[in-house]
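First comes the structure, then the notes that go with it.
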Amino acid sequence: MSSSPELWLKVLEAQLRKGSSSTEHQPHLGRLGALLTYCPPRQYTAPPPPEPSTDSVYVPCNPLEEAVLCLLLCTRTHSKEFASERELCWHLCMTLGLAKQHERLAKALAETGINEKQQPLEYRAQAQALLAAGQAARASLCLKVLLEGNLDQQKPDVLVLLFLVKSGFATGTVASLQAALGHARQAVAAVRDKSPIGQGRSNMALGVVLGQLASVPGLPQKDRADYHDEALLALQQAVACDPADVYILYNLALVQAEGRHLPAAETNCRAALKASGGCHPPSWALLALVLSARQHIPAALAVAAAALEEAGPAYEGLLLKIKARLHVADDEAAAGLQSLAHLMARVQRAAAHAHRQGDDRLQTLRSHESDLWLELARTFLALQQTGDARYCVLQAKSRAPGSPATHHMEGRVCQEEGNLEAAIECYEMALSIDVHYAKSSLLLGVLYRQRGGPHDLTLGQGFLSDGLSYEPHRHVGWYNLGLLHKAQHRPEEAERCLRTAVGLSVTAPVMSFSKLPLLL
């Protein structure tokens, strides 16, 4: 879209006020908007350009823009009549959905005065638009109103339940995830003995929410393990119902990978890519990580290269980071720097123009840029270039000073330089920002273990145990905990921890599987 819909509305409304009454234009605008929604661009004739002396006149340049203008103008000038014309409502949903103007769609539907009793489908569309616009809390309120207004409480609307699951999942707090879990269980019960596709989607929603809860570091380890096992079972049932669904296969593969069921995860990754025709970037990324965890680095590099040819801008950054880490694992850190430099140039170009797109977009790009500087610092440390790594950390801190990741990476640079006291301060600062930041907790435990005093060993054991309770697949943590038990003359515990470390080290991916999202 070349301009804001609000600007178009103001311009067209001003033009109509200069002409005849808007009442006589309403039916024509509605019909025109509906026709233009489905008009092939090749058959579209743009309106004539305005006179050179005319001020603030917008001329649409394609059928979608003109359809949006006509239908939005109908909602603004004849909201009551528009609400009764259900076909026009759905044309509006189609046009603004194609234009990705989800927030504007929600606002337009609200302006028409639709309510949950007389127009439940349109009201649900409004909630969907809010959810797509990132307003999960408002979407959840609308969906709960619909659910409470359901006349048959024994058979709730499954789609409403699934959208409630999605809104709770998008909010991301433990409380919202617990609420989403309840709605997912309701959806599974509601579709029992119904269509296989409905059962598959409901079980997938249940598995995704359970998988997300299993990754929350603040929950007890036993609860997280139970959530993971139940997530695996729900997603396996989903695949049994709908074995060709790309999202189900991908989510199952990700949960299997997090549980280190690597052969099964690889099989389902490849099945997801086959079902999508090779056009699902998250599955490409996951396959590369699974292959790296199976120590097939050359194959993982080939997958990452193929994925970059298929992926769009949304996943290019993640895939380039994975490729850089694969190069580091293959003792080719310089090649990894080239991948990151290409990505940094693209992000910095976008950030230079982000002020035109609003504060949220600018903040997002700054966060991406900070993450990239940290990734560069990590690669320079692999090359033992601490000076360059420190410069990258300073750049990251200037963009995200309150991030625990920046303080953690600064601590790693200090540790590499031999300044252990400064490293401890950096790790403690990271934990003061995020008490569940496992990386800093584990490295604090390593430093206190290396000091070797009785009090230091006690502190080290506490930090290592905390870090492993948050991220139990960190083999470095188990290795150092084993050495600590050995220093405390506890050979049995030391052997158990060292055996665990060896087993995890041979299944460690170059990047944590938790960096990939579960998808609803």
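Residue 436: in contact with a Pro (Cβ under 9 Å, 6 or more places away or on another chain), open to solvent by 60 Å² or more (accessible area, probe 1.4 Å) and at pLDDT below 95, yes or no? Yes, satisfied.
Condition check ((1) open to solvent by 40 Å² or more (accessible area, probe 1.4 Å); (2) in contact with a Cys (Cβ under 7 Å, 6 or more places away or on another chain); (3) modelled with pLDDT under 95) across all residues:
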position: 271; (1), (2), (3): no, no, no
position: 276; (1), (2), (3): no, no, yes
position: 280; (1), (2), (3): no, no, yes
position: 286; (1), (2), (3): no, yes, no
position: 289; (1), (2), (3): no, no, no
position: 297; (1), (2), (3): no, no, yes
position: 302; (1), (2), (3): yes, no, yes
position: 308; (1), (2), (3): yes, no, yes
position: 312; (1), (2), (3): no, no, yes
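Cβ-Cβ distances below 7 Å connect the following pairs, each with a first residue in the stretch 380-394 that is of a type in the set (Lys, Arg), a second residue that is part of a helix (DSSP H, G or I) and open to solvent by less than 10 Å² (accessible area, probe 1.4 Å), and a separation of six or more residues or different chains: 390/413. Among residues that are without any contact (Cβ under 8 Å) to a residue 12 or more places away in the chain, of a type in the set (A, V, I, L, M, F, W, C) and outside any loop (DSSP other than H, G, I, E, B), residue 430 is not included. Filter the stretch 227-242 down to the residues that are open to solvent by 60 Å² or more (accessible area, probe 1.4 Å) and either over 13 Å from residue 255 (Cα atoms) or not charged (D, E, K, R) (or both) and list them by number. Across the stretch 227-242, the qualifying residues are 233, 236, 237, 240. Against the numbered list (1) open to solvent by 70 Å² or more (accessible area, probe 1.4 Å); (2) within 26 Å of residue 129 (Cβ to Cβ); (3) in contact (Cβ under 8 Å) with a residue 60 or more places away in the chain, residue 221 comes up short only at (2).
The values are calculated or read from the model by the stated rules, or taken from the named source; none is laboratory data. All values reported here derive from a predicted model rather than from experimental measurement. Using ideal geometry, Cβ is built from the backbone for each residue, glycine included, and neighbour counts are taken over all protein chains shown. Surface accessibility is based on the protein's heavy atoms, side chains included, excluding ligands, DNA and RNA. Shrake-Rupley method; radii C 1.70, N 1.55, O 1.52, S 1.80 Å.
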